[in-house]
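Asks: First the structure, which I've put down as structure tokens, then a few questions once you've had a look.
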Amino acid sequence: MEVTDVGNKEEGKVWHRKPTPGKGVLVTVVRTAQQAKTVRFLHVAFDTTGDSFLAGDHHGNIYVFDISRNRFRLVQKTGQACTALAFSLRRTTEFLVALADYTIKCFDKDTKQLVSWMRGHEGAVSSISVHSSGRYAITTSSDTAQLWDLDTFQRKRKLNIRQSVGIQRVFFLPLSNTILSCFSDDSIFAWESDTLFCKYQLPVPDCGPKISYKAFAVTRDGKRFVAGGRSNLLHLWCLDSKQLLRVIQMPTQVRTVRQLEFLPDSFDGGASQTLGVLSQDGVMRFINIHTCKLLFHMGSHDDAITGVAVSPNGRHVVAIMDNGSINIYSVQSLTQELNKPPPSQVAVVSGGDANQDLSNLKVKVRSEVVKRPVMGSGRRQVKILRPPAVCTTDDKENELPAGLNKKRLVALLKAFGEYPAKYRMFVWRSLLCLPENHAAYSSLTDKGLHSAYLTLHDKYPIKSHKLQRGLQRVLSALAHWAAIFGEVEYLPLVAFPFVKLFQNNPMLCFEVVATVIVNWCQHWFEFFPNPPLNILSLAENVLAHHDKELLQHLVDCGITSQLYVWPLLETLFSEVLTRDEWLRLFDNIFSNHPSFLIMACVAYITCCREPLLLCSQKQDFEYFFHHRNNLDVAAMIKEAYRLLSSTPADIHPRTILSDFTPLTTGQYPVFNHYPEFIVEYQSREREKIRLQEMEYLRERQEVSAHRADFVRRQAEEDAYFTQQELLQRAEDQRRNILAQEEEKLTQQRAKLAAMKRELKVKELQLLDAARRRFLKHQQDLRASQVQRLDQEISRKMDLRERETAAAVQDLEVRQMELEAQRRRLEQHLLKEQERMGWEVEEEIEMRMRKADREEESYSELLHSTEANMQILEESLAEACQLGLESDWQREVAERLQQVDAEQERKRERLAELHRKTLAEEDRLADTMRDVTGRKWDEVMSSRAQLQEQQQAWSSADADGQRHTRMRSPGLIRGLPHRPSATSAAHVGTNGAGPAIKPNTATTPRQAGTNMVCLNSSSPSESTSTNFSLDRGRAQLDSSERELLKEIRELRQKLAARAREGSSASSQSVRTLSSVSQ
């Protein structure tokens, strides 16, 4: 037994020396890591072909072992131990792995890439079951089972159960859409996978000990189901009848069943009879479920088995041993003792003497014919068995080369459904009576490839070059044997299955194909190049006899026999059947009359009756007869035998087709069952085409010579242009280098510009800070200036008030002096008082009008100043609203300077007006003094006249008093009392009577007042003028205070707006700095 250590290899050979056929164990695979530590293999799983299997170890490494190619390969490293494997997906390169973290991953073994990652289990996944189509999968853990769609890798359904009931296993039944679920309470349910409808529940025997099912197995045809557990009893059910068939008791050494596996057989049609039972002692015992006999076993107590996987083709068994290694068993070697033929029951009698007549004859004696000698009287009678002198016709027909009998072969075929795969080719050679004409075949192959099949690979590309060449040789030999085979387009489809079977013996392949054409393709070529209408009509007649409804449906759909019979015949069923199914079918075809092929076509159609009745489109029928369908081949073959035996003779194909005729020995027979003129015409056309091709090749050769010359010149030009391109490329490269340097320089400049911009921003920030400090300083300076102005104004106001008080005191002193003077001069002014009063009134009215005009001009000036101030405030507000410009402070300062200048000009104008008023007052005083001097003279000269005109003056005084009261009663105090004063003076001068004296004595204050008012014109005028100027000065002071107050408020507003503008500018500078950064 050879041992292969995988180690840390990525790939290698499974065995280095071909295993001995007699041994059961082909090879043992182990994996040792560092320090010679063995890494245990945990799970194995076969693919659908049975030639490769997956194996996962404890470290999470997944290997693919290809037994047919003797190769292994590491396809994935998951990093964690696997709990289940599945390798029978629809995409044959993908496989599923259940890991210890409760997830299922799908990998591709060729690309080693992760395809998908499925999550949803909360416990370890114990098994993965894949549907026969490879599209769906069921993963099972102890608490739940989940159905997955392997096209989208999405979860479709989830099976939840109570915590008290656990799940043992959930899996698909083969060849059906049924899901079988087995629970820990020994209940078994069947569900429809599409609708999850419960179909049935299997009965479990109530009597007897509880088994506690742990292991389950189903046959390949899905009809038998067996379960075992903690007992040596096995329960076998029939899933068709849903009944328990029998209870099988294993030997006493078996106490617990760990695993159950059916062993497939090529001759059982999926109804496996051999069951492998792995028990707790590590031994797997194979029994026959019908006879309940122990056939053979694997493993032992010392070399125990923990898990087993059986290949779908039944050729190999892979066992995981207790020490962590893998043993690969050959089923053929294990069953070698069972497959031995029984001991010979034929006795051969040969003569010992060459002179005897029967010396060269062998006689077969059946063991059942035993005749005892008849005892005679005194003489011994011996019956000599002689062979019959003449053989019957049936025996001649049944006798085959190599000592085989066709009758027995047919009986064997009907019993098992097919011939043994190991002897199939040998049986076919005997059934077809192949002559093996080596010389004749060599003469055909020596002619080389036929011109019709030189470009076969273009029309029929085959991946294997060996098969391509073999098919080309066989078809060429057939074309050289008969000319028509160079024209038949479907001949490669007929020959390819046989080429694939006999690829190591082309001569046998040629003779098999030729035999098939001569016998089973009779009358096929009579309507060439059209399909054989006569053969198709035979099949249509048989179908019409046995299934008129189906034929009527085909006719209603416009489907002819060229569409439902001819695709099966021209491909010999190779498109609609698998390899094993095709071999089983041709085992029966070669064992029967050539008409069996037509019956097989009709049987295929009738067995597919239901899906065909559902089809209505021509495309559906074409697809159906050119692709594989879900069909039971055994049922089809059985139906073909029924049709062969029950078809009436008048429509039976046997009446048209000849019996089997083998090829002749030495030379192959002449084949001319075809319209020769069509074939010859096509041959001539092909020869004509060949000559045209030769002419074309000659011209092409000349063109090639010219082209070679042209190519040489073109090469020289290309070399020149290549050199120029190299120079240009070098120049471009230098330009690119320069461009890159320029780009680097540009980037450095950009960095420098960014640094400059950053420095500029910092400088702007510093300037902004300095500007804010300067503005603060200016604001402080302005505030101090305003404070100083306020102090100066207050000081001037105090000074003005003191000057006003002093002037008032001077005026009072002046008034006292004038009153004293009046008292001295009032006696001299009595005569001129009325005239002087009128003149004084006129002068006062003139001065008052002038003063009013000046006051109006002054008020207009004040109004204009207020308007200018309002306009200034609006312009400043507008400047502040527009304002983030850099020169707003300068404009405000200029406006302030203009306001200060305007105020200074107003002050100067007021001062000028004040000076003019004072000068006018001085001029008026001088004028009044001059007038007073002249008047004194006039008074002294006209005193006498005054005395004479006393009466006239008295009446005039009364009129003047009334007139003055009406004109200006509040401007000149004392003028209304002038008649009283005059009368008083008149009384005092003339010494009036006592009637007047009481009035003067009772009102001394009034007399004093009248005396003041009756003073000379100069003092009276000066007093009135001084009172008017004092009132105007007070108004100016009050207006000046209001103006200063408004200026103060305006400056406060300007300062507040300046602070807001500085904050806004600083914010803009910060924004600019952030943008530049």
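The values are calculated or read from the model by the stated rules, or taken from the named source; none is laboratory data. The shown structure was predicted, so the numbers you read here are calculated from the model rather than taken from an experiment. Quick reminder, even Gly has a Cβ in these numbers, built from the backbone with ideal geometry, and neighbours come from all protein chains shown. Ligands, DNA and RNA are stripped out before the accessible areas are found, and what is left, the full protein with its side chains, is counted by its heavy atoms. Shrake-Rupley method; radii C 1.70, N 1.55, O 1.52, S 1.80 Å.
Asks: Need the full-extension length gain, Ser176 to Ser116, defined as separation in residues times 0.36 nm minus the C-alpha distance. One decimal, nm. Provide the component values of the computation, followed by the final result.
Replies: Details: separation 60, 0.36 × 60 = 21.60 nm, distance 2.64 nm.
Roughly 19.0 nm would be gained on extension.
Asks: Under Stokes-Einstein, with the Kirkwood radius over Cα pairs standing in for Rh, what whole-number D in µm²/s applies to the stretch 41-180 at 20 °C and 1.002 mPa s?
Replies: Values: Rh = 15.2 Å.
For these conditions, the coefficient is 141 µm²/s.
Asks: Just check the stretch 1-119 against the gyration tensor rule for me: Cα atoms, a ≥ b ≥ c as the square roots of the eigenvalues, rounded for a/c under 1.5, and otherwise prolate or oblate depending on whether a/b exceeds b/c. All intermediate terms of the calculation are to be shown ahead of the outcome.
Replies: Working: a/c = 2.09, a/b = 1.39, b/c = 1.50.
Since a/c reaches 1.5 but b/c is at least a/b, the shape of the stretch 1-119 is classed as oblate.
Asks: Run the quick spin-label model on Leu454 and Ala807: label points 7 Å from Cα toward the beta carbon, then report their separation in nm to one decimal.
Replies: With each label placed 7 Å out from Cα toward Cβ, I get 14.3 nm.
Asks: How large is ³J(HN,Hα) for each residue in the stretch 460-466, as worked out from phi by the Karplus curve 6.51 cos²θ - 1.76 cosθ + 1.60 (θ = phi - 60°), to whole Hz, x for Gly and Pro?
Replies: 10, x, 10, 5, 7, 5, 5
Asks: Okay, moving on. How much net charge surrounds Trp15 when only other residues with a Cβ under 11 Å from its Cβ are counted (Lys, Arg +1; Asp, Glu -1)?
Replies: On the way: positive: Lys13, Arg17, Lys18, Arg71; negative: Glu2.
After counting each charged neighbour, the total is +3.
Asks: In addition: Using amide H atoms built in the peptide plane, which far-off residues or other-chain residues are under 5 Å from Ser176 H to H?
Replies: Placed amide hydrogens put Ser132 under 5 Å from Ser176.
Asks: Shifting gears a bit: Starting from the Cα-Cα distance between Gln724 and Lys466, subtract it from 0.36 nm times their residue separation and give me the gain in nm to one decimal. Spell out each step's value before the answer.
Replies: Numbers: separation 258, 0.36 × 258 = 92.88 nm, distance 4.94 nm.
Length gained between Gln724 and Lys466: 87.9 nm.
Asks: How much FRET efficiency would the formula 1/(1 + (r/R0)^6) give for Glu731 and Ser704, where r is the Cβ-Cβ distance and R0 is 45 Å, rounded to 0.05? Show your work: numbers first, answer last.
Replies: Numbers: r = 38 Å, r/R0 = 0.85.
Calculated transfer efficiency: 0.75.
Asks: What is the set of long-range amide H partners of Asp185 at a cut-off below 5 Å, with H atoms built 1.01 Å from backbone N?
Replies: Long-range HN contacts for Asp185: Gly166.
Asks: Give me, ordered by chain and number, the residues 5 or more places off Gly282 or on other chains with an amide H under 5 Å from its own placed amide H.
Replies: The answer is Ile305.
Asks: Go ahead and run the numbers for FRET between Glu854 and Ser875, Cβ-Cβ distance against an R0 of 45 Å, rounding to 0.05. Don't skip to the answer; put the middle values down first.
Replies: Details: r = 31 Å, r/R0 = 0.68.
Calculated value: 0.90.
Asks: Enter the accessible area per residue of the stretch 676-757 (Å², integer; probe 1.4 Å; all protein chains in place). If you can, show how the numbers build up before the last one.
Replies: On the way: 7530 Å² over 82 residues.
About 92 Å² of surface per residue is accessible.
Asks: Now, a different point. Taking the alpha-carbon centroid of each part, what is the distance from the stretch 49-85 to the stretch 107-184 in angstrom?
Replies: 20
Asks: Could I have the simple spin-label model distance between Thr92 and Leu493, label points 7 Å from Cα toward Cβ, reported in nm to one decimal?
Replies: Rounded to a tenth, the inter-label distance reads 2.3 nm.
Asks: Something else about it: Taking 7 Å along the Cα-to-C-beta vector as the label spot, tell me the Glu839-Arg579 distance in nanometres, rounded to one decimal.
Replies: With each label placed 7 Å out from Cα toward Cβ, I get 16.1 nm.
Asks: Between Lys199 and Gln332, take the C-beta separation as r, use R0 = 41 Å, and let me know the FRET efficiency to the nearest 0.05.
Replies: Numbers: r = 38 Å, r/R0 = 0.93.
The formula returns an efficiency of 0.60 here.
Asks: Here is a further query. Within the stretch 597-633, list the residues whose amide N lies under 20 Å from a label point set 7 Å along Cα→Cβ of Ile651.
Replies: It comes to 597-610, 612-613, nothing else.
Asks: Net charge around Arg473, counting only other residues with Cβ within less than 12 Å of its Cβ (Lys, Arg = +1; Asp, Glu = -1)? Walk me through the intermediate numbers first.
Replies: Details: positive: Lys447, Lys466, Arg469; negative: Asp446.
Computed value for this residue: +2.
Asks: Can you tell me how much longer the chain between Arg713 and Asp930 gets when fully stretched, taken as 0.36 nm per residue apart minus their C-alpha distance, in nm with one decimal? Spell out each step's value before the answer.
Replies: Details: separation 217, 0.36 × 217 = 78.12 nm, distance 13.99 nm.
Between Arg713 and Asp930, full extension yields 64.1 nm more.
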